Amino acid sequence: MTESPPSVPDPRLSAGAARLALRYDGAFAPEAVQRLLDDSYRLLAELTDQPK
């Protein structure tokens, strides 16, 4: 089973991922940057969904 690349829910996040991938070219693959942003976005969404 092949894993599909994470989707970015907002065009600004996609642009940010592209800028970070260029900035850290050679240190991190673009997919790693995309996955980091996707995980961060998901965790933030989970935190904001919790009752107070």
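Since every read-out is calculated from the coordinates, none of them should be taken as a lab result. What you see is a predicted model; the values in this text were computed from it and never measured. Note: ideal-geometry Cβ built from the backbone for every residue, glycine included; neighbour counts use all protein chains shown.
Observations, loosely collected:
- Integer Hz, Karplus 6.51/-1.76/1.60 couplings in order for the stretch 33-40, x for Gly and Pro: 5, 4, 5, 4, 5, 5, 5, 5
- Peptides ranked, highest mean first, by Cβ atoms within 10 Å: ranges 25-31, 13-19, 43-49: 13-19, 25-31, 43-49
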